1. With segment 86-176 as the region, which strands (runs of 3 or more DSSP E) entirely inside it contain at least 1 residues that are among the charged types (D, E, K, R) and closer than 24 Å to Ala14 by Cβ?
2. Only residues that are within 15 Å of the chain's Cα centre (by Cα) and of a type in the set (Asp, Glu): list them for segment 124-159, please.
3. Can you pull out every residue in segment 193-213 that is touching a strand residue (DSSP E or B) at 6+ places or on another chain (Cβ under 9 Å), crowded, with 20+ Cβ neighbours inside 10 Å and part of a loop (DSSP other than H, G, I, E, B)?
4. State whether the residues of segment 65-82 include one that is within 16 Å of Val200 (Cα to Cα), in contact with a helix residue (DSSP H, G or I) (Cβ under 7 Å, 6 or more places away or on another chain), at pLDDT 95 or above and not in a loop (DSSP other than H, G, I, E, B).
5. Could you check how many residues of segment 110-147 are surrounded by fewer than 15 Cβ atoms within 10 Å (Cβ to Cβ) and more than 15 Å from Val98 (Cβ to Cβ)?
6. One residue is enough: does segment 160-169 have a residue meeting the conditions under 16 Å from the mean Cα position of the chain (by Cα) and loosely packed, with under 13 Cβ neighbours inside 10 Å?
7. Determine the pairs where a residue that is closer than 20 Å to Pro156 by Cα and without any contact (Cβ under 8 Å) to a residue 40 or more places away in the chain, located within segment 185-213, has a partner that is charged (D, E, K, R) and open to solvent by 20 Å² or more (accessible area, probe 1.4 Å) with Cβ atoms under 6 Å apart, the partner being 6 or more residues away or on another chain.
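The values are calculated or read from the model by the stated rules, or taken from the named source; none is laboratory data. Everything quoted here is computed from the prediction, not taken from an experiment. Cβ placement follows ideal geometry from the backbone for every residue including glycine, while neighbour counts extend to all protein chains displayed. Heads up: the accessible areas ignore ligands, DNA and RNA and are worked out on the full protein's heavy atoms, side chains in. Shrake-Rupley method; radii C 1.70, N 1.55, O 1.52, S 1.80 Å.
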Amino acid sequence: MSSEVELTAEERRAAEAVFGDRLPLAERYVHHLATSGMERGLLGPREVPRLWSRHVLNCAVVADLIAPHARVADVGSGAGLPGLALAIARPDLDLTLVEPLERRCVWLSEVVEDLGLDNVTVMRGRAEQVVDLIDADVATARAVSALTNLAGLTIPLLHGSGQVLAIKGRSAAEEIEKAAKVIRRLGGKETEVVTVGDAVLAEPTTVVRIHVG
């Protein structure tokens with residue numbers, strides 16, 4: 001593995017807490033991200049040194065908000081963040097990675113096969129095109145779009161009951177305010193900003209959680 005993505009002592013402690021005995025799988029996933037993922041344009045070279053802290057661990061801690069054996073749809077999965085990070089951390093979850101771009105789907109499928117993740121399905125399409133094919137308990141998204149648009153891509157996948165978990169930054173509360181009417185119209189009952197990973201990450205992950213039904 002490239003020395004650029006070796007775990008620091010702090011990252012290793014966090015990764016062991018989050019992934020447990022599946023840490024070698026997570027390391028292999030990071031290796032894919034740093035090599036073929038970068039070569040195929042799924043992420044930029046500047047992200048490679050930050051893969052653990054900024055990307056994989058940041059996403060994996062969201063698993064704390066998901067009930068056992070839930071069906072999860074990851075919208076705009078891209079490089080598998082948060083979808084693959086969740087699938088590695090939580091083998092009990094049933095993940096569907098929804099991604100419109102074929103080259104990304106090909107890469108995701110290759111990684112899923114190499115890691116032997118039998119709890120993951122890669123589905124090519126836009127979220128609005130696959131509503132009838134997916135019935136999720138949880139819809140996740142990261143860096144897909146603003147909440148005003150994202151609500152319409154994620155809430156319908158829950159078919160009236162479940163939760164949306166959108167990884168966001170400091171503007172989370174502002175986004176909720178702007179999207180409030182759209183969220184209510186789509187069936188969102190309660191929307192809140194929560195942080196996860198406080199016990200293991202130097203910078204916890206900010207998540208917008210929308211309760212539906």
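1. 138-142, 162-168
2. Asp137
3. Across segment 193-213, the qualifying residue is only Gly197.
4. no
5. Count: 6.
6. Scanning segment 160-169, I find at least one residue that is under 16 Å from the mean Cα position of the chain (by Cα) and loosely packed, with under 13 Cβ neighbours inside 10 Å, so the answer is yes.
7. Qualifying pairs under 6 Å: Glu192/Arg209.
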